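Undergrad: Okay, handing you the structure first.
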Amino acid sequence: MNATVLIVEDEEKLASILGDYLRQSGFETAWLADGNQVLPQVRERMPDLILLDLMLPNRDGLEICKEIRSFSQVPIIMITARVEEIDRLLGLELGADDYICKPFSPREVVARVKTVLRRTVEHQPANSGGLTLDPDKFMAVLNGHDLDLTAVEFKLLHFLHQNAGRIYSRTQLMDRIYSDQRIVSDRTIDSHIKKLRKKIAAAAPDQELIHSIYGVGYKFEAA
Ligand code: CA
């Protein structure tokens, strides 16, 4: 079964070029030009990945992305017309998996689609850079070494690992880890992550599993 990519783009020519390249690379494609059509279609026939243009008639990509994230973790690559916009979008924490700026080469888009899909597959615990997590015992074993994590460190690692490749801001991580946010600050997350990375480094000196994205947050990614 080939993966289906839903192209949401109102510039017909661009959509058709993208579709050609994707099909040549073995993907199935679907195309929508109207922002209003996206959610019904996604609910009815979930694609494997969505290429989502930001500026669309009737409903913008921003709103659509947010709404899809309320019920699905389907990979989304946002397409924007300006580089500066990417920073703003990241700040909005839409939960998109990647961002591409126009003008782009269709070849590059195909490459990004493949990378994001590969990441989603790597989600499976099997490919975790030698890491095994046992949520019942709050135990994390890396390359045969027990990392000896605190409950909070375990929760952080477990959450990031389950959502490997996805970038989370400190606020998002706090939401996930603490039931009562009043007791913590952004810095608390930083300090837990710091300790967590130290323990990972002790068990696997040349392996970075938790990456910090400057000014944005953190993500889990095994090399
Ligand atoms: Ca557009």
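Read the figures in this text as sums done on the coordinates, not as results from a lab. Being a predicted model, the structure only gives us computed values, none of them experimental. Here Cβ is always computed from backbone atoms with ideal geometry, including for glycine, and neighbour counts include all displayed protein chains.
Undergrad: Please report how many Lys pairs in the chain have alpha carbons closer than 28 angstrom, counting only residues at least 8 apart along the chain or sitting on separate chains.
TA: For the chain, qualifying lysine pairs total 25.
Undergrad: So, one more: For region 14-86, just say rounded, prolate or oblate: build the C-alpha gyration tensor, square-root its eigenvalues into a ≥ b ≥ c, call rounded for a/c under 1.5, and beyond that prolate if a/b exceeds b/c, oblate if not.
TA: oblate
Undergrad: So for Ser191, Ser16, fewest C-beta neighbours within 10 Å to most, what's the order?
TA: Result, fewest neighbours first: Ser191, Ser16.
Undergrad: Pick from Asp60, Asp136, Asp146: which is most flexible by mean-square fluctuation in a GNM of the chain where alpha carbon atoms under 10 Å apart are linked?
TA: For the chain, modelled as a Gaussian network with Cα springs under 10 Å, the answer is Asp136.
Undergrad: Subtract the Cα-Cα distance of Val83 and Thr188 from 0.36 nm times their separation in residues, and report this length gain in nm to one decimal.
TA: Details: separation 105, 0.36 × 105 = 37.80 nm, distance 3.14 nm.
That works out to 34.7 nm of additional length.
Undergrad: Follow-up question, since we're still on this one. Starting from the Cα gyration tensor of region 139-223, take the square roots of the eigenvalues, sort them a ≥ b ≥ c, and report rounded, prolate or oblate (rounded when a/c is under 1.5, otherwise prolate if a/b is larger than b/c, else oblate).
TA: Prolate, because a/c is 1.5 or more and a/b exceeds b/c.
Undergrad: Can you figure out the FRET efficiency of Asp10 with Thr171, using R₀ = 35 Å and their beta-carbon distance, to the nearest 0.05?
TA: Once the sixth-power term is evaluated, E becomes 0.60.
Undergrad: Based on DSSP H runs of at least 4 residues, each adding -39500 (n - 2.57), what is the mean residue ellipticity at 222 nm of the chain after dividing by all its residues, to the nearest 500 deg cm²/dmol? Show your work: numbers first, answer last.
TA: Details: 8 runs with 96 residues, N = 223.
Calculated at 222 nm, the ellipticity per residue is -13500 deg cm²/dmol.
Undergrad: Still on this structure: Expressed in nm to one decimal, what extension gain is obtained for the pair Asn143 and Ser25 from 0.36 nm per residue of sequence separation less their Cα-Cα distance?
TA: Roughly 38.9 nm would be gained on extension.
Undergrad: Shifting gears a bit: Under the rule a/c < 1.5 gives rounded, and otherwise a/b versus b/c splits prolate from oblate, where does region 21-132 land using the Cα gyration tensor?
TA: Values: a/c = 1.35, a/b = 1.34, b/c = 1.01.
Rounded, since a/c falls under 1.5.
Undergrad: Also: Can you pull the three principal axis extents for the Cα set of the chain, in Å, largest first?
TA: Here the spans come out as 54, 38, 31 Å, largest first.
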